[in-house]
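What follows is one structure encoded as structure tokens, with my remarks underneath.
The values are calculated or read from the model by the stated rules, or taken from the named source; none is laboratory data. Because the structure is predicted, anything quoted here is derived from the model rather than measured. Counting neighbours? That spans all protein chains shown, and the Cβs are built from the backbone with ideal geometry, glycine included.
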Amino acid sequence: MMFLSLTYGCANPFAPKLGEVEKGTTAILTDRLSPNEVLENFRFAYIFTDSLVYSELIDTGFVFIFFDPSVEGTGRFDSWGRDTELKATGGLFRSVRNISLEWNSTVEEKYWSQAPDSVIMTVNFEEAVRAKISKGFQLKLGSEIQLTGTASFSFEKENRGDGWRIVRWIDESIF
């Protein structure tokens, strides 16, 4: 009888519960049925350093645009594609022990559909095949590094109906 109670009562006191992050908030994995669900999975991937989940969010034609302040003079905008993004993010996930990502207010949210005459029209969410969402964020990498700013994401709905993916991310972090 004593053996059974010890077996069922054992838990690692140092391990967080699945999905539990700082301050008792949670992170869930979604089906990517909307751009906002993609951003929830993005947050999940960062918090749990899950590069497989992250790779499912990034379209094959993905472009990441960022400001590089280290370039001579005053810095400049630069970009890279999907392969470099997945390598860079995988390296980040392996290098940083604790990552916290919080989405703040939504700055912009728009949806578009391709009309039969090839003119892009603003539509409601149900008819959309493209979207743009800009959100404020706070990213903590370990206890030393904290980034804040706005991230502007462009999304496309997959042809197969498997959900939405990120096709472009413009990082407007404040250094």
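Quick look at the values:
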| item | result |
| --- | --- |
| Hits in the stretch 94-107 - residues which are loosely packed, with under 15 Cβ neighbours inside 10 Å and not hydrophobic (A, V, I, L, M, F, W, C) | ARG94, SER95, ARG97, ASN98, ASN104, SER105, THR106 |
| Filter result for the condition that a residue is out of contact with any Asp or Glu (no Cβ under 6 Å at 6 or more places or on another chain) and at pLDDT 95 or above, over LEU18, LEU39, LEU33 | LEU39 |
| The stretch 108-126, subset under 17 Å from GLU37 (Cα atoms) and either surrounded by 11 or more Cβ atoms within 10 Å (Cβ to Cβ) or of a type in the set (S, T, N, Q) (or both), residue modelled with the highest pLDDT | GLU109 |
| Test for GLU72: is it out of contact with any Asp or Glu (no Cβ under 8 Å at 6 or more places or on another chain), under 24 Å from ILE174 (Cβ atoms) and in a loop (DSSP other than H, G, I, E, B) | yes |
| Close pairs from the stretch 63-81: first in contact (Cβ under 8 Å) with a residue 24 or more places away in the chain, partner in a loop (DSSP other than H, G, I, E, B) and of a type in the set (Phe, Trp, Tyr), Cβ under 8 Å, at least 6 apart | PRO69/PHE175 |
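For every residue, the table says whether it meets (1) out of contact with any Cys (no Cβ under 6 Å at 6 or more places or on another chain); (2) over 18 Å from ILE65 (Cα atoms); (3) in a strand (DSSP E or B); (4) modelled with pLDDT of 90 or more.
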| site | (1), (2), (3), (4) |
| --- | --- |
| LEU86 | yes, no, no, yes |
| GLU102 | yes, yes, yes, yes |
| ILE133 | yes, no, yes, yes |
| VAL167 | yes, no, yes, yes |
| SER173 | yes, no, yes, no |
